[in-house]
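First the structure, in the form of structure tokens, and then the observations on it.
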Amino acid sequence: MREKGPFKIVHEESEFIDAQKLRVQESPDDLRGGEQPQTLDVDVDDDLAGVVARATRSLFQGYCVPSRERPSREKALFLILYLTVYLSR
């Protein structure tokens, strides 16, 4: 396997977590004619990773915590979401 950069994974010193990126979209059933559904990008890890599959109808319930802690120098306010997911089967 060819190296693609200056970084190497040292497996013995690494900690791996389950993670998944989701794009949550409001149900089209709740929209009025011609409206586009709103979307929200969510990063999940641990227990929630791998639970939600593409096109799964889910109910997300939780709360938001405003935060200014950001890795960049950007001063914009953003929200941290703490969610529980209920899947429709």
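Name, by its number, the condition in (1) under 15 Å from the mean Cα position of the chain (by Cα); (2) modelled with pLDDT of 80 or more that does not hold for Gln61.
Of everything listed in (1) under 15 Å from the mean Cα position of the chain (by Cα); (2) modelled with pLDDT of 80 or more, Gln61 misses just condition (2).
How do the pairs read when you match residues in the stretch 13-30 that are touching a residue at least 12 places away in the same chain (Cβ under 8 Å) and surrounded by 10 or more Cβ atoms within 10 Å (Cβ to Cβ) with residues anywhere that are part of a strand (DSSP E or B) and β-branched (Val, Ile, Thr), using Cβ under 6 Å and keeping only pairs 6 or more apart or on different chains?
Cβ pairs passing all conditions: Gln20/Val44; Leu22/Val42; Val24/Val42; Gln25/Thr39.
Kindly establish whether Pro37 is farther than 23 Å from Leu81 by Cβ and part of a loop (DSSP other than H, G, I, E, B).
So Pro37 does not fit the description; no.
Looking at Arg23, is it under 15 Å from the mean Cα position of the chain (by Cα), among the basic types (Lys, Arg) and at pLDDT 85 or above? First the steps, then the outcome.
Values: under 15 Å from the mean Cα position of the chain (by Cα): yes; among the basic types (Lys, Arg): yes; at pLDDT 85 or above: yes.
Taking the combined requirement at face value, the residue satisfies it.
(1) touching a strand residue (DSSP E or B) at 6+ places or on another chain (Cβ under 7 Å); (2) surrounded by fewer than 10 Cβ atoms within 10 Å (Cβ to Cβ); (3) modelled with pLDDT of 80 or more: which one isn't true of Pro66, the others all being true?
(3)
The values are calculated or read from the model by the stated rules, or taken from the named source; none is laboratory data. These figures come from a predicted structure and were not determined experimentally. Every residue, glycine among them, receives a Cβ derived from its backbone with ideal geometry; neighbour counts consider all protein chains shown.
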